[in-house]
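Note sheet for the following structure.
The values are calculated or read from the model by the stated rules, or taken from the named source; none is laboratory data. Quantities reported herein were computed from a predicted structural model and do not represent experimental measurements. Note that we place each Cβ from the backbone using ideal geometry, even for glycine, and neighbour counts take in every protein chain shown. Please note that ligands, DNA and RNA were not included when accessible areas were found on the heavy atoms of the full protein model with its side chains. Shrake-Rupley method; radii C 1.70, N 1.55, O 1.52, S 1.80 Å.
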Amino acid sequence: MPEQPRYERKGAVAGTGMGGAMDLAASEATTLERGPEGPAGRPRSLWSDAWRDLRRNPVFLLSALVILFLVLISLWPSLITAGNPLSCELSKAQEGSQPGHPFGFDGQGCDVYTRTVYGARTSVTVGVCATLGVAVLGSVLGGLAGYFGGGWDAILSRATDIFFAIPVVLGGLVLLSVVTSNTVWPVVGFIVLLGWPQISRIARGAVITARQHDYVQAARALGASDTRILLRHIAPNAIAPVIVVATIALGTYIALEATLSYLGVGLKPPSVSWGIDISAASPYIRNAPHALLWPSGALAITVLAFIMLGDAVRDALDPKLR
């Protein structure tokens, strides 16, 4: 007897598994053909499910648009301003909004709008570079400690306890007060130095959990090396919590740079930073509140955007929240 087709345009016949058959609508038959997980019966991965959820999350879309705008003006600030952030006219000090200067002028006669735009470059640079450094260093140290355990794990645990005991702001006041460089790299190095223990503990816990799974035991039984197991089997399944924590921490690092610059130990003039502008505008808050509010608002929106992005990524990557 010729084989019966699985489905037709108007209806379909599917086997019941006991020699019988049942009629299905075309849409239901197509679902059987493709499977419940994805096209061609291929199951969706954690990352594809996360991306699908993120695209439907308005919080992620809004925060991503804000961050994309910040990145664009950080790379090409001339797109939205033609001014020079270091060009000041003392005769216009503390004046309000004027044509061509929508945010007014600060206490030194500098255009607040131009300095606010150029301040985004510093904040984004510090946040991204510090987050990458913290994520790489913390993931490597924590992953090795979680996989090999033993004395290496004990030493790393005690080292993280020591770093956790150091107050971040106080440590910045002590360590950065002796630095005379006006670049962002001393601040980035300080954040990496005190920020890696948090990522290290997250990575250690994720690796310990992944190490106990059956696929890792099977790979070890087949003779796979430790390097292959770590890179091919454990790392892809343990990286999700690290990404979540690092994304949220990025906004915190931007706020930390502004705090250190406000206190005078982070970036220093003539560098352009929101923290420097907030510090310079604080004495004139009654006479020229606009000089304080605009850089403060830009800083708050930036930090909030990265925290919202991290929350959306956490919701998408955490299976317990599905």
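Looking at ALA291, ALA316, ALA280, can you tell me which residue is farther than 20 Å from LEU70 by Cβ, of a type in the set (Gly, Ala, Ser), open to solvent by 50 Å² or more (accessible area, probe 1.4 Å) and in a helix (DSSP H, G or I)?
ALA280
So, in the stretch 249-277, of the ones that are of a type in the set (Ser, Thr, Tyr) and not in a loop (DSSP other than H, G, I, E, B), which residue ends up surrounded by the fewest Cβ atoms within 10 Å (Cβ to Cβ)?
Restricting to residues being of a type in the set (Ser, Thr, Tyr) and not in a loop (DSSP other than H, G, I, E, B), the top hit is THR259.
Hey, among VAL134, VAL140, VAL169, which residue is more than 23 Å from ALA258 (Cβ to Cβ) and either surrounded by 14 or more Cβ atoms within 10 Å (Cβ to Cβ) or under 22 Å from the mean Cα position of the chain (by Cα) (or both)?
VAL140
Among the candidates GLY146, GLY96, which residue alone is farther than 24 Å from PRO270 by Cβ, among the small types (Gly, Ala, Ser) and not in a loop (DSSP other than H, G, I, E, B)?
Checking each option against the conditions leaves just GLY146.
Let's see how each residue does on (1) open to solvent by 80 Å² or more (accessible area, probe 1.4 Å); (2) hydroxyl-bearing (Ser, Thr, Tyr); (3) touching a helix residue (DSSP H, G or I) at 6+ places or on another chain (Cβ under 6 Å); (4) modelled with pLDDT of 90 or more:
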residue	(1), (2), (3), (4)
TRP196	no, no, yes, yes
ILE202	no, no, yes, yes
VAL207	no, no, yes, yes
VAL216	no, no, yes, no
ILE229	no, no, yes, no
ASN237	yes, no, yes, no
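Restricting attention to the stretch 220-260, report how many residues are of a type outside the set (A, V, I, L, M) and closer than 20 Å to ILE276 by Cβ.
Number satisfying all stated conditions: 5.
Can you tell me which residue is nearest to the chain's Cα centre (by Cα) among those in the stretch 122-131 that are open to solvent by 10 Å² or more (accessible area, probe 1.4 Å) and of a type in the set (A, V, I, L, M)?
VAL128
Quick test of your reading of the structure: ARG286 fulfils all but one of (1) assigned to a helix (DSSP H, G or I); (2) open to solvent by 60 Å² or more (accessible area, probe 1.4 Å); (3) of a type outside the set (Phe, Trp, Tyr). Name the failing condition by number.
Condition (1) is where ARG286 drops out.
Given the options THR227, THR259, name the one that is in contact (Cβ under 8 Å) with a residue 60 or more places away in the chain and over 18 Å from the mean Cα position of the chain (by Cα).
Unique residue meeting the criteria: THR259.
Give the stretch 239-248 a look and list any residue that's farther than 23 Å from VAL216 by Cβ and either open to solvent by less than 20 Å² (accessible area, probe 1.4 Å) or in contact with a Phe, Trp or Tyr (Cβ under 6 Å, 6 or more places away or on another chain) (or both), or say none.
ALA246
Go through ILE166, ILE202 for me and flag whichever is of a type in the set (Val, Ile, Thr), touching a residue at least 24 places away in the same chain (Cβ under 8 Å) and not in a helix (DSSP H, G or I).
When all the criteria are applied, what remains is ILE166.
Can you name every residue in the stretch 88-121 that is polar (S, T, N, Q) and open to solvent by less than 20 Å² (accessible area, probe 1.4 Å)?
Answer for the stretch 88-121, where residues must be polar (S, T, N, Q) and open to solvent by less than 20 Å² (accessible area, probe 1.4 Å): THR114, THR116.
Against the definition (in a loop (DSSP other than H, G, I, E, B) and more than 19 Å from ALA258 (Cβ to Cβ)), how does GLY107 come out, yes or no?
No.
Conditions first: (1) surrounded by fewer than 19 Cβ atoms within 10 Å (Cβ to Cβ); (2) touching a helix residue (DSSP H, G or I) at 6+ places or on another chain (Cβ under 9 Å); (3) farther than 25 Å from GLY310 by Cα. THR183 passes all but one, so which condition is the exception?
The single condition THR183 does not satisfy is (2).
Going through the stretch 75-87 one residue at a time, which ones are open to solvent by less than 90 Å² (accessible area, probe 1.4 Å) and among the hydrophobic types (A, V, I, L, M, F, W, C)?
Passing the criteria: only ILE80.
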